[in-house]
1. Return the residues of region 449-461 that are away from ligand 2 (no atom under 16 Å from the Cβ) and either out of contact with any helix residue (DSSP H, G or I) (no Cβ under 9 Å at 6 or more places or on another chain) or at negative phi (or both); say none if nothing qualifies.
2. Taking region 104-158 as the region of interest, how many residues are of a type in the set (Val, Ile, Thr), under 13 Å from the mean Cα position of the chain (by Cα) and more than 11 Å from ligand 1 (Cβ to nearest atom)?
3. Every residue in region 227-244 that is under 18 Å from Arg263 (Cβ atoms) and of a type in the set (Val, Ile, Thr), please.
4. Of all strands (runs of 3 or more DSSP E) completely enclosed by region 416-479, which ones contain at least 1 residues that are away from ligand 1 (no atom under 13 Å from the Cβ) and either within 19 Å of Arg344 (Cβ to Cβ) or out of contact with any Lys or Arg (no Cβ under 6 Å at 6 or more places or on another chain) (or both)?
5. Count, please, the residues in region 193-238 that happen to be within 30 Å of Ile367 (Cα to Cα) and either of a type in the set (Gly, Ala, Ser) or part of a loop (DSSP other than H, G, I, E, B) (or both).
6. Quick check on region 55-69. Is at least one of its residues in a loop (DSSP other than H, G, I, E, B), free of Cβ contacts under 8 Å to residues at least 60 places away in the same chain and closer than 30 Å to Leu317 by Cα?
7. Counting just the residues of region 462-479 that are over 15 Å from Ser406 (Cβ atoms) and in contact with an Asp or Glu (Cβ under 7 Å, 6 or more places away or on another chain), which one comes out farthest from ligand 2 (Cβ to nearest atom)?
8. Looking at Ala248, Ala274, which is the one that is surrounded by 23 or more Cβ atoms within 10 Å (Cβ to Cβ) and either in a strand (DSSP E or B) or within 16 Å of ligand 2 (Cβ to nearest atom) (or both)?
Amino acid sequence: MAGAAAIGLALRSGSRLPTPAPGAPSPSPSSEPAAHDPLADEARAAIPDDVPRTGVVHEVTLEAKPVEIPLLEGRPLAVWAYNGQVPGPTLRVRVGDTLRVTLENRLPQPTTIHWHGVRVPNAMDGTPGVTQSAVEPGGRFVYEFVARDAGTFWYHPHVRASEQVERGLYGVLVVEEATPPRYSREIVWVLDDWRLTPSGRVDPAFNTGHDLAHDGRWGQVVTINGIVTPTLSLSPGERVRLRILDSANGRVFAPDFGELFARVIAVDGRDVAAPFDARGFELAPGNRLDVELEAPAGAHGRRFEIVDRYTGQPVALASVVVDARAVASAPASSLPPHVVPAWRDALSRPATSELRLNAERGGPLGIAWTINGRAGSHDHHDGGSGDLAFTLARDRFARLRFVNDSFRIHPMHLHGVFFKVLARNDRPVDEGFMRDTVLVHAKETIDIGVVPRDDGRWMMHCHILEHAEAGMMTLFEVR
Ligand code: C2O
Ligand code: CU
């Protein structure tokens, strides 16, 4: 038994070669104008086609390689890392800048990079067999795109992700606003968990029967930026922007900030229409949350704990220590009002597609997670044609309906688009923000609205990486 390697699914190179198409796609004249659909108009106002280019090009090399680095509580840990660090380097660009990333694969497996939440040209999306061939060990690939949306995004492999992400391959991409709101500091927090063997190594048993049949791989050690319960020092009156990512394979976090003043200002990279209290927000694998954090008045010298309360067992995430001496308060940020489509009549539209989520016995892993009774394949060796679940018209409003027939949770993620939750269990909800990943609870039905703006074959999958590995992934086409 060759362990992990034998459990993962074999990958074949795709038949379609990447087209070098950097930059934003130009609107194609092929589809009819959606001029008189008010829902589509609202989306176009919220999600621009293109942005003015700044002419700034950021050239980065990301080398994916096995390394041993001090992590968790400071002991050396064998991981797979981008540029020798976990999380990988935080890439920071500004709206309108071009990012050119050369991926060098020094892993013992093929890999790609997917830019989660970023509206990239389809050829830059990192979907093996569909938008590019997987990059073989020793190979390289150049990703290039213009950052069209400001926000907190991330990057990770899209090949055997349940193993590659778990081993440490992920990083944050920050796209700054042309005029960023002012905070005294900006802090990136990557939340993850690690399943270790008794000797303290990353457990090499990936895609276990237990993890596949439950909510994926949950580890026993929770970290922020690879550190167990880090301490953040705040000055009294200081207001920081926390960019939080859940990079775990399966773990959902519900951070409780206690007495700290914590307001959500962005979800999945996009500003919310109006900031709201962060308490109770469920941060599922793939989700990002931008939080404005401040210590309460008179907290000089005090210590606060931030705790995860998603499960019945509270998990310590971080401590916040407030300096004893007072400093001048940071300037209050003024967030420009953000456009989020209201889509008032959206629920009167018929569902464009209903997607039933379930599992069945069988398949290469013993259990198959299915969308409409079908487990997706990994290699998409026909360019994805066999895996197309539905087609959407570009710039048209579509309502998609997830029906979870299973008793497990599924954070469903769509590439290439932002969507808005319209209803849960047929009850209308107005979240006041858009997303790229939504947690569908056990037996829950969720309706989402979407106006796709970019052509191509995009993935839709569960971001519990074991569920995706076992088939809960498919493609949709926008044209
Ligand atoms: Cu975060 Cu298909 O990915
Ligand atoms: Cu799932």
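1. Once the filter is applied, which keeps residues that are away from ligand 2 (no atom under 16 Å from the Cβ) and either out of contact with any helix residue (DSSP H, G or I) (no Cβ under 9 Å at 6 or more places or on another chain) or at negative phi (or both), region 449-461 yields Gly449, Val450, Val451, Pro452, Arg453, Asp454, Asp455, Arg457, Trp458.
2. First, the residues of region 104-158 that are of a type in the set (Val, Ile, Thr): 111-113, 118, 120, 127, 130-131, 135, 142, 146, 152.
Narrowing further to those that are under 13 Å from the mean Cα position of the chain (by Cα): 113, 118, 152.
This time we only want the ones that are more than 11 Å from ligand 1 (Cβ to nearest atom), so: 152.
Total satisfying the criteria: 1.
3. Val240, Ile244
4. Numbers: elements: 419-424, 437-440, 445-450, 456-462, 473-478.
Here the list reads 419-424, 437-440, 445-450, 456-462.
5. Total meeting the criteria: 21.
6. Residues of region 55-69 that are in a loop (DSSP other than H, G, I, E, B), as a first pass: 55-56.
Subset that is free of Cβ contacts under 8 Å to residues at least 60 places away in the same chain: 55-56.
Narrowing the set further to residues that are closer than 30 Å to Leu317 by Cα leaves none.
Among the residues of region 55-69, not one is in a loop (DSSP other than H, G, I, E, B), free of Cβ contacts under 8 Å to residues at least 60 places away in the same chain and closer than 30 Å to Leu317 by Cα, which makes the answer no.
7. Initially, region 462-479 is screened for residues over 15 Å from Ser406 (Cβ atoms), giving 463, 465, 469, 473-479.
Imposing the further condition that a residue be in contact with an Asp or Glu (Cβ under 7 Å, 6 or more places away or on another chain) reduces the set to 474-475, 478-479.
Numbers: Thr474: 12, Leu475: 17, Val478: 23, Arg479: 27 Å.
Among them, the one singled out is Arg479.
8. Working: Ala274 fails: surrounded by 23 or more Cβ atoms within 10 Å (Cβ to Cβ).
Result of the check over Ala248, Ala274: Ala248.
Bear in mind these aren't lab numbers, they're just calculated from the coordinates by the rules spelled out. Keep in mind that this is a model prediction, so the values were computed, not measured. Virtual Cβ from ideal backbone geometry, glycine too; neighbours counted across all protein chains shown.
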